Amino acid sequence: MSVVNVGRRGLMLALSSPSGAGKTTLSRMLLESDQMITMSVSATTRPPRPGEVHGRDYYFISAEDFGVMRNRGEFLESAKVFGNYYGTPSAPVQEALARGHDVLFDIDWQGTQQIDEMAHEDLVKVFVLPPSAQDLERRLRTRAQDADDVVATRMAKASDEISHYQEYEYIIINDDIDRAFLELRAILQAERIRRRRLTGLSNFVKQLRDTL
């Protein structure tokens, strides 16, 4: 049986959550299971760490070049973190979308807002919630064995992050990682066949009607 491929434009999948809710694990599972989606690569002004590769982990650029790119509007989103600048170059993402490939963003609500302003039609926003505050705290304590003050800081930040859930189209409550992953896959599959993404649909329908 032949497979009909009408062609489609890729999408940007923004996955956000408070620290410890599971977005990084879900991102890894999705990337390992689906060859049609890749992780976005950010540019940064910080120096590379041992083992990091330019173009794979980050695009390592100077602060001057970063400023020029930002002034030209070449970033989908950007921020200053601990004295260094980070941003997502638009060009490689747009090239991937034009080829029908999807791009995954493991990103906070602020970065998601910026991307939404730049490329609303291409963006799918998913927010991952923990099943309870107690579960989130347990995950934070067992995941990295942070000091009590670090866990308290992350829990306080989580409250602010969770308050932005209404800005997202889809909500996943991660009480079971396998079920959460199935829900994420279902979202991706449904968004891939939205009519506006199917670039060859008009020609396909025309040819179909012509043969009826």
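Each row is one residue, and each column tells you yes or no for (1) hydroxyl-bearing (Ser, Thr, Tyr); (2) farther than 29 Å from Leu136 by Cβ; (3) in contact (Cβ under 8 Å) with a residue 60 or more places away in the chain.
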site	(1), (2), (3)
Thr24	yes, no, yes
Met29	no, no, yes
Ala43	no, yes, no
Pro48	no, yes, no
Glu52	no, yes, no
Asp57	no, no, no
Phe60	no, yes, no
Ala63	no, yes, no
Arg70	no, yes, no
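If you go through region 161-212 and keep only what is farther than 19 Å from Ala133 by Cα, not aromatic (Phe, Trp, Tyr) and not in a helix (DSSP H, G or I), you end up with Glu169, Ile193, Arg194, Leu198, Thr199, Gly200, Thr211, Leu212. The residue of region 93-140 that is surrounded by the fewest Cβ atoms within 10 Å (Cβ to Cβ), among those that are closer than 24 Å to Gly20 by Cβ and of a type in the set (Val, Ile, Thr), is Val124. Of all residues in region 67-106, those that are modelled with pLDDT under 95, outside any strand (DSSP E or B) and of a type in the set (Asp, Glu) total 0.
The values are calculated or read from the model by the stated rules, or taken from the named source; none is laboratory data. Being a predicted model, the structure only gives us computed values, none of them experimental. No Cβ is skipped: glycine too gets one built from the backbone with ideal geometry, and neighbour counts run over all protein chains shown.
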